[in-house]
Amino acid sequence: MEGKEEQPKEEQPKEEQPKEEQEFIMLIMNCKKYMKKALYQKITWLKFIPPFLKYYHVVGDETLDEEYKFQDNDNLLWVKTKDDYVSLPHKVISSYNAVNNRYNFKYILKTDDDQILINPKFLNMITSLVKMKKPSPHYGGYVVNVEKPYLSEYYKIHPELPKILPILKTKYCSGRFYFLSKDAVSYLLTKREYIIKEYLEDFAIGFHLSPYYKNNIMHIKTNEYFTDIELSDFPLLIKEGKI
């Protein structure tokens, strides 16, 4: 006697996890090759960032089984990308996607593993300014105004870049440090397929960001607050095997 045919069970929709509240999140672009730079940042200026600011070093790993993975104990965010220089635009927009999925945030601050914050009051100052400024800014950093298109010569520093790399007319903030509002990030995520095809991350973000979000762009003299890690005692510590 045949058994009674069972009706297929309807798959219950997965309950979405509520997003974590985190007003400001700082993402620091890093890679496996230069993890000692991240370590140096952790034992120097990152020890003194304000307690309301959460940060992650972002590292690429194209073998990930998922699009991203947060490793909170180590302040690491892994994203499914190549971990090389030319994949930096892909790494950045992937990290924005990860943060957007997990957190209910107001601003993302972005910097790099080769930067040292020399003024510990900067992060308190800039977050306070952003909250007080009316209308609220969507984008800020050291503003580069490209009035006429030109060919980048950045391949002379990074030979992996193409020699013919047009920089088109736009305004963008230098990659040393910039911030983006949640609305600006949401807009950029709609341009993800174009951003991942770019080569220069800071230009890509500014170029693909709608002019609407640059109407009240905040200019910051970031060179007064940050310096390159190579100008610190980091190279000496590496040479002496102390880090």
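The values are calculated or read from the model by the stated rules, or taken from the named source; none is laboratory data. In this text, all values refer to a predicted model and were calculated from it rather than measured experimentally. Glycine also receives a Cβ, built like all others from the backbone with ideal geometry; neighbour counts cover every protein chain displayed.
Quick grid of which residues meet (1) closer than 22 Å to GLU230 by Cβ; (2) part of a loop (DSSP other than H, G, I, E, B); (3) over 16 Å from the mean Cα position of the chain (by Cα); (4) not hydroxyl-bearing (Ser, Thr, Tyr):
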{"residue": "LYS91", "(1), (2), (3), (4)": "yes, no, no, yes"}
{"residue": "ASN97", "(1), (2), (3), (4)": "no, no, no, yes"}
{"residue": "ASN101", "(1), (2), (3), (4)": "no, no, no, yes"}
{"residue": "ILE108", "(1), (2), (3), (4)": "no, no, no, yes"}
{"residue": "PRO120", "(1), (2), (3), (4)": "yes, yes, yes, yes"}
{"residue": "ILE126", "(1), (2), (3), (4)": "no, no, yes, yes"}
{"residue": "LEU129", "(1), (2), (3), (4)": "no, no, yes, yes"}
{"residue": "SER136", "(1), (2), (3), (4)": "no, yes, yes, no"}
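Based on what the data block shows, is VAL185 over 15 Å from LEU88 (Cα atoms), at pLDDT 95 or above and in a helix (DSSP H, G or I)?
The answer is yes for VAL185.
Kindly provide the set of residues from segment 213-238 that are of a type in the set (Val, Ile, Thr), part of a helix (DSSP H, G or I) and closer than 15 Å to PRO120 by Cα, ordered by number.
Within segment 213-238, THR222 is the sole residue that qualifies.
Is it the case that segment 59-80 has a residue that's at pLDDT 95 or above, part of a helix (DSSP H, G or I) and either of a type in the set (Gly, Ala, Ser) or within 29 Å of LYS239 (Cβ to Cβ) (or both)?
yes
Do any residues in segment 206-225 that are surrounded by 19 or more Cβ atoms within 10 Å (Cβ to Cβ) have Cβ atoms under 7 Å from those of residues that are among the basic types (Lys, Arg) and part of a helix (DSSP H, G or I), where the two are at least six apart or on different chains, and which pairs are they?
Final answer for the pair search is none.
I'm trying to understand the selection: among the residues of segment 173-182, which are surrounded by 20 or more Cβ atoms within 10 Å (Cβ to Cβ) and either assigned to a helix (DSSP H, G or I) or without any contact (Cβ under 8 Å) to a residue 60 or more places away in the chain (or both)?
Correct list: CYS173 only.
Here is a check on your reading of the model: is TYR194 aromatic (Phe, Trp, Tyr), surrounded by 14 or more Cβ atoms within 10 Å (Cβ to Cβ), without any contact (Cβ under 8 Å) to a residue 24 or more places away in the chain and not in a loop (DSSP other than H, G, I, E, B)?
Here the answer is yes, as TYR194 does meet what is asked.
Can you pull out the residues in segment 29-44 that are farther than 26 Å from PHE203 by Cβ and either among the aromatic types (Phe, Trp, Tyr) or assigned to a strand (DSSP E or B) (or both)?
Result: TYR40, single match.
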